[in-house]
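Here is the structure we will look at.
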There are 2 protein chains.
Amino acid sequence: MSSAAESVPSPVQIQAGAPAGHADAVDRILAVAYELFSHRGVRDVGVNELIERSGVAKATFYRHFPSKDSLVLAFLEQRDRQWTVDAIVSEARRRGATPTEQLLAIFDVFGDWFLREDFEACSFINILLEMGPAHPLGQASIDYLARIRGHVQTLAEEAGLARPEDFARSWHILMKGSIISATEGDMQANKRAQQMAAWLIEHHRS
Amino acid sequence: MSSAAESVPSPVQIQAGAPAGHADAVDRILAVAYELFSHRGVRDVGVNELIERSGVAKATFYRHFPSKDSLVLAFLEQRDRQWTVDAIVSEARRRGATPTEQLLAIFDVFGDWFLREDFEACSFINILLEMGPAHPLGQASIDYLARIRGHVQTLAEEAGLARPEDFARSWHILMKGSIISATEGDMQANKRAQQMAAWLIEHHRS
DNA sequence: AACGAGTAAGACCGGTCTGTCTCTACCTGG
DNA sequence: CCAGGTAGAGACAGACCGGTCTTACTCGTT
């Protein structure tokens, strides 16, 4: 999955090597893709809409991305950076003083997230269920979900909890379940999950 | 949602009123739809494939179902009957002696389900995420998910647990989260959820 | 025997999908 | 000044989508 993402030039490389005349086409495509894919899903957004909204020629699009799927891979990588890392993990770390508090703060961040009017569930789960676990994009989503679990496991290790991998897998069940419940309209789903998460922490002490 | 399902004649009505010469077209369509929709999702299966696989003329299809979406609604109703009620709830009730045991047995049934090679997650969740909560099919999925929660709530009441609706909502988070984890490949997801479910029961006693 | 309801088969319609290709304009480095 | 790479605009291909409609056939009923 990371190999496929490597075939897409990063924005930094583009900005360094491209002529400075006008804004980079790749950056505009990625920005529009992030906006549309994260809010409406991958299957609902076609290439024609992407190129129209980003003011890019179709040939330009396909020069930088050999297929729509490769753009989706780039989007998933961007989503991991901007959403998983910056919006969730970093924010939770900022809100909590201790690793245990930081873990529980994840569900406080979820609470704010659930209340957003443009809340649209987790792109990794969406794409995994939409494409299936056998599809390359489903596999990539599984990889990025594993990265989320890795962040939880790290926090569990910092908190000195027992069996941090098992802990992270159980914790992740609560995260994903609460996201689905929020999609159904339960705005207290984060609180319910947080309560069960506290019990989980309790049972992983010592 | 149920009003739309009512526009679809039930198999019983068809078998009673149709000529006895050949198998009913509606039944064949519904059987094929159940097979394809539950395994590959709604968007991935077109009307042409449905009519080809069920040996039905296109006009016949559209005489019985005014649109593809109405067939999906009929599929969701069938899924609630065959999967939610017959495969999960009834089986869990059969496996447990007390309401508490029956609740926990849900995750044993999930364990067997996760191991099936044609395991394909929960159609209600899939369609909800695929179409979004605003789409009629997403709304119908939300309704059927609420029915699942209702079964859990009934069991909680039979077990004499406190605040059965809150209990059912938390329990449902565990169910849905474990399904997503199983889709990712974690075959122990049911056991992890069952452990947390036991703690949830403990905290709802008294 | 004639009729009408239901059926299979499939052509057809307008639209959308991903992806390829052409054409022209621009900007830059040599 | 000019060649080459990049850009926008958009026609086009081939497949597929949901949905409509025509045609021919097979029934049970009258």
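The values are calculated or read from the model by the stated rules, or taken from the named source; none is laboratory data. What you see is a predicted model; the values in this text were computed from it and never measured. Cβ atoms come from the backbone with ideal geometry, glycine included; neighbour counts cover every protein chain shown. Note: areas computed on protein heavy atoms with side chains; ligands, DNA, RNA excluded. Shrake-Rupley method; radii C 1.70, N 1.55, O 1.52, S 1.80 Å.
Using every pair of separate Cα atoms, the Kirkwood estimate puts the hydrodynamic radius of segment A:76-203 at 14.8 angstrom. Legend: residues in segment A:170-184 shielded by at least 40 square angstrom of accessible surface upon adding the remaining protein chains to the isolated chain (1.4 Å probe, heavy atoms) are A:I173, A:K176, A:I180, A:T183, A:E184. The per residue volume of the convex hull around the alpha-carbon atoms of the protein assembly as shown is 164 Å³.
Roughly how many Å² of B:K191 are accessible to a 1.4 Å probe, to the nearest 10? Ignoring ligands and nucleic acids, B:K191 comes out at about 110 Å².
Secondary-structure-derived ellipticity at 222 nm for the protein assembly as shown, considering helices only, amounts to -22000 deg cm²/dmol, per-run term -39500 (n - 2.57) for DSSP H runs with n ≥ 4. With its label point put 7 Å out from Cα toward Cβ, B:R94 sits 5.4 nm from the same residue's point in the other copies, in order from shortest. Counting only other chain Cβ atoms within 10 Å of each residue's Cβ, the peptide A:111-119 averages 0.
For the rotational copy pair B/A, the chain B residue whose Cβ lies nearest the symmetry axis, together with its distance in Å, is B:G177, 1. Normalised by the number of residues in segment B:2-203, the average gap of Cα pairs under 8 Å and 6 or more apart makes the relative contact order 19 percent. Restricting attention to the protein assembly as shown, the count of lysine pairs at 8 or more positions apart or across chains with alpha carbons under 22 Å apart stands at 7. If you plug the beta carbon distance of A:R43 and A:E202 into 1/(1 + (r/R0)^6) with R0 = 41 Å, you get a FRET efficiency near 0.50. Between helix A:164-184 and chain A there is an angle of about 70 degrees, using the helix long axis and the longest principal axis of the Cα atoms.
In Å², nearest 100, what accessible area do chains A and B bury in total when the solvent probe is 1.4 Å?
3000 Å²
As a fraction of the 1.4 Å probe accessible area of the protein assembly as shown, surface on carbon and sulfur atoms comes out at 51 percent.
Here the convex hull built on the C-alpha positions of segment A:19-147 has a volume of 129 cubic angstrom per residue. Between the helical axis of B:189-203 and the longest alpha-carbon principal axis of chain B there is an angle of about 50 degrees. If the segment from B:A162 to B:T60 were pulled out straight at 0.36 nm per residue, it would be longer than the present Cα-Cα gap by 31.5 nm.
Hey, if you drop one equal point scatterer on each alpha-carbon of segment B:125-194 and run the Debye formula without solvent, what base-10 log of I(q)/I(0) do you get at q = 0.13, 0.26, 0.27 Å⁻¹? So the normalised log intensities are -0.45, -1.07, -1.08. Surface listing: A:E165, B:E77 arranged by accessible area from highest to lowest gives A:E165, B:E77, probe 1.4 Å. The dipole here belongs to segment A:70-206: it is taken about the Cα centre, uses +1 on the Cβ of Lys and Arg and -1 on the Cβ of Asp and Glu, and is about 280 debye. Counting only protein heavy atoms and using a 1.4 Å probe, the accessible area of A:R28 comes to about 90 Å². Relative contact order for segment A:95-161: 36 percent, from Cα pairs under 8 Å spaced at least 6 residues apart, divided by residue count.
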